[in-house]
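Have a look at the structure below, then the notes.
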Number of protein chains: 2
Amino acid sequence: MAYTIKDVAKRAGVGIATVSRVLNESPNVLPETRARVLAVIDELGYRPNHAARQLVTAKTNAIAIILPFLTRPFFIEVLRGIESVVANSEYQLIIFNVDSPEQRTRYFNTLPFLGRTDGLLIVSLPLAPPEIKRLQAANLPAVMIDTQAGNLPSVVVDNVGGAFKAVEHLISKGHQRIGFVSGQLEPDLGFTVNRDRQRGYEAALTAHHLPVQAKYLRAGFDRRDWGHQAALELLDLAEPPSAIFAANDDLAFGIIDALRERGLKAGDDLAVVGYDDLEMAQLIGLTTIHQPMEQMGRKGAEVLLAALNEGTRRPTLHTLPVNLIERASSVKPSKA
Amino acid sequence: MAYTIKDVAKRAGVGIATVSRVLNESPNVLPETRARVLAVIDELGYRPNHAARQLVTAKTNAIAIILPFLTRPFFIEVLRGIESVVANSEYQLIIFNVDSPEQRTRYFNTLPFLGRTDGLLIVSLPLAPPEIKRLQAANLPAVMIDTQAGNLPSVVVDNVGGAFKAVEHLISKGHQRIGFVSGQLEPDLGFTVNRDRQRGYEAALTAHHLPVQAKYLRAGFDRRDWGHQAALELLDLAEPPSAIFAANDDLAFGIIDALRERGLKAGDDLAVVGYDDLEMAQLIGLTTIHQPMEQMGRKGAEVLLAALNEGTRRPTLHTLPVNLIERASSVKPSKA
DNA sequence: AGATGCTCTGAAAACGTTTCCATGGCTCAT
DNA sequence: ATGAGCCATGGAAACGTTTTCAGAGCATCT
């Protein structure tokens, strides 16, 4: 068996309380005594038992992160940001991946992290009111990333502002008729991205004294084939748009596909701007809005650590800025 | 404060030992008593204190995974495989990312997971003999994935054989001048992938009586832009290669980028074969070596769980096969 | 009828820490 | 010189479980 604090105490000729004091860097211990104890600790290779410490301090030194779709780049980047912050703290990171609604329900019902972690980071998953309640009842500090719930602290990106930038960029290129293709505006799970981005789209048009025209709005599904279909619909209008802003890159890919099918080229014949800046966007040359994914993770982790260390528990909302990455799909000015 | 086992016992009118027996599904408890206890547990919402349980059982129900470069698709896929297995077990997953040699040294010196986890999964990181020794001294079951050390159980893929297959494929298409672009051959962290794949490359050439020419070898960094640069260098040779084998897909993407820049097309003008079979490879039509990344993770996790549950501790070596996925980037036979 | 053995149960010990409290020695001001 | 106060220290309680041990109740066998 491993050595215990008693072994150290006996060998150093002190009481266990003194060893504990040395371990916890209490000021009230004679330098000479401290040195003796440290020497024995080193000699024995003693390591404090974590469970025992946890039992009495009621602190686990671990935080859990719950995220969906561990495989998608967005979440990876967020995870990376979180990890980079947590690695430099005294905390360890326990990871829970949620890929199915059943898993999700199971996690939030059983709260398997309860008592195993000091804090919680929830990425992207919207929470239902009873779940929020249960979480708060458990009195577990939690920070939401890329999602909001109740009055829990959140780190989000400025979807409205991002969409605004995207559309303003198109306007600056001389476009007057700008289509908007998005997924569901009121999805079951309560995501508000599409609605927010539409608001940014409308705000940009209005700010530049352009009309918001219903015929240019295409809200459907968050799938590439919807982008495809919506693009065809827009092209078939009597007065088709000269540019399309897609609420996410995947939709934009569908749009570009549709253009190609008609013998048109994104950038040359019709400007396209996406949102997300997926890896593929760079390869395809899609102008898009880049989200500071890693930074979101970092910020979320920092907020949580602050809450844990300083007891800062006031609900806060951190909105991170996004920026436009200009690529070939929107480089040419409008001919109109 | 949360309820304890005592509260449950008192309320159910039994001793704490009986509650514990119910909790641990001991057979020797009257169905009637069990029901009463369970009712109280449910009513109070009692949850056993984890630390206390850990203290007495000396079991943490957690396993740690140590991996480098959390951001790279390869490791993500492995992580995903691991997670999928661990999520269905009673274990939780603690994650340690190692990006720098200093971090690595620190981790393996302090073994911060000691006493916090029941087992260890080490991905890709090669271990030095003293580190192996320290690990074994700690008596912590460990499984290596994509790396080998001492006589610890390992799950690896056949990198030499995979590279051999890739190059042989190009040779079968009639290519004689085949470039090789890779990352560092002797990287800080001690990976051997690039070296192994180069060995496979050379072996294939030699087996088919083709010369290994230094001018066609480009070892640099494990980054896409290096693939880009290396491709340009190869194209600028007096006698450029007609095919390039990239040590990983990311490098291959860089190569394809470079070709496009020159107005060339992978597959038509120059054959390209990658390694990894990332999701993007399919989209882009890159011929590549498919590594069962997720499967590696799964297998590694399974081996570890088996070791933990059944005490299977014999050193084993699982070598997973790789196979070539032929796509557009290498479909045309060499014109030469 | 008594011994034996089985099933269910509770008291208490044990796990390895932190922390509270008491104590003894020392310094310092009076 | 003596009491007040501070510092370093050790003993012991406490944290919330699991597990050991002993015992009570009861059926079965001789």
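The values are calculated or read from the model by the stated rules, or taken from the named source; none is laboratory data. Just so we're clear, the structure is a prediction, and the values are computed from it rather than from any experiment. Here Cβ is always computed from backbone atoms with ideal geometry, including for glycine, and neighbour counts include all displayed protein chains. Keep in mind that these areas ignore ligands, DNA and RNA; they rest on the heavy atoms of the full protein, side chains included. Shrake-Rupley method; radii C 1.70, N 1.55, O 1.52, S 1.80 Å.
Okay, here's what the table says:
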read-out: Helix runs (DSSP H) in chain A reaching 15 Å along axis by Cα, Kyte-Doolittle at least 0.5; value: A:73-86, A:159-172
read-out: Separation of alpha-carbon centers, segment B:275-307 and segment B:167-187, rounded to whole Å; value: 21 Å
read-out: P(r) tail fraction, segment A:176-305 - alpha-carbon pairs more than 27 Å apart, %; value: 20 percent
read-out: All-pairs Cα distance distribution in segment B:5-57, expressed in whole percent, bin size 5 Å; value: 4, 22, 33, 25, 13, 4, 0
read-out: Cut-off under 5 Å, modelled amide H: who pairs with A:I145 long-range; value: A:I122, A:V123, A:S124, A:V155
read-out: Residues whose placed amide H lies under 5 Å from that of B:V272, excluding near-sequence neighbours; value: B:I244, B:G267, B:S330
read-out: Cβ-vector label at 7 Å, B:N24, separations to other copies in nm; value: 2.9
read-out: Dipole magnitude of segment A:5-57, debye to nearest 20 (Cβ charges: Lys/Arg +1, Asp/Glu -1, about Cα centre); value: 140 debye
read-out: DSSP beta bridges in the protein assembly as shown [antiparallel fraction, %, rounded to 5]; value: 10 percent
read-out: Ellipsoid equivalent to segment B:127-238 - semi-axes via the Cα gyration tensor, in Å; value: 34, 17, 10
read-out: Delta accessible area of at least 30 Å² on complex formation, residues of segment B:73-90, 1.4 Å probe, chain isolated as reference; value: B:I76, B:L79, B:R80, B:E83, B:A87
read-out: Equivalent ellipsoid semi-axes, chain A, via Cα gyration tensor eigenvalues times 5, rooted, Å; value: 54, 19, 16
read-out: Percent carbon-and-sulfur accessible area, segment B:5-57, ignoring ligands, DNA and RNA, probe 1.4 Å; value: 52 percent
read-out: Inter-chain Cβ neighbour average for residues B:318-330, partner chain, 10 Å; value: 0
read-out: Distant-in-sequence amide H partners of A:H175 (H built 1.01 Å from N, under 5 Å); value: A:S334
read-out: Debye, to nearest 20: dipole size of the protein assembly as shown, +1 on Lys, Arg Cβ, -1 on Asp, Glu Cβ; value: 1800 debye
read-out: Antiparallel bridge percentage (DSSP; both residues within chain A; nearest 5); value: 10 percent
read-out: Assigned charges on the beta-carbon of Lys, Arg, Asp, Glu; chain A dipole about Cα centre (debye); value: 940 debye
read-out: Other copies of B:T110: label-to-label distances in nm, shortest first, labels 7 Å along the beta-carbon direction; value: 3.2
read-out: Across B:K6/B:K59; B:K173/B:K215; A:K165/A:K332; B:K173/B:K332, pairs whose alpha-carbon gap is larger than 19 Å; value: B:K6/B:K59; B:K173/B:K215
read-out: Quarter of Cα convex hull surface for segment A:279-336, i.e. mean projection, nm²; value: 5.7 nm²
read-out: Accessible area (Å², per residue) of chain A, counting only protein heavy atoms and a probe of 1.4 Å; value: 45 Å²
read-out: Ellipticity estimate at 222 nm from DSSP helix runs (n ≥ 4, -39,500 (n - 2.57)) divided over chain A, nearest 500; value: -13500 deg cm²/dmol
read-out: Kirkwood Rh and Cα Rg combined as Rg/Rh, segment A:1-105; value: 1.19
read-out: Span from the segment B:55-78 Cα centroid across to the segment A:20-64 one, whole angstrom; value: 26 Å
read-out: Inter-chain Cβ neighbour average for residues B:92-102, partner chain, 10 Å; value: 4
read-out: Paired Rg and Dmax values of the protein assembly as shown, which use every Cα atom, in angstrom; value: 28.9, 93
read-out: Nearby aspartates and glutamates by direct alpha-carbon distance to A:K265 (threshold 13 angstrom, same-chain neighbours under 8 apart not counted); value: A:D257
read-out: At least 10 Å² of accessible area lost relative to the chain alone, listed for segment B:22-48 with a 1.4 Å probe; value: B:R47
read-out: Number of partner chain Cβ atoms within 10 Å, mean per residue of B:50-60; value: 5
read-out: Relative contact order [Cα under 8 Å, 6+ residues apart], chain A, whole percent; value: 18 percent
read-out: Choice from B:G15, B:G220, B:G150 showing the highest fluctuation, given a GNM over chain B with Cα pairs closer than 10 Å; value: B:G15
read-out: Label 7 Å beyond Cα on the Cβ vector: B:A39 copy-to-copy distances, nm; value: 6.4
read-out: Accessible area buried between chains B and A, both sides summed, probe 1.4 Å, in Å² to nearest 100; value: 3500 Å²
read-out: Carbon and sulfur %, accessible surface of segment B:223-336 computed with the full protein complex present, 1.4 Å; value: 49 percent
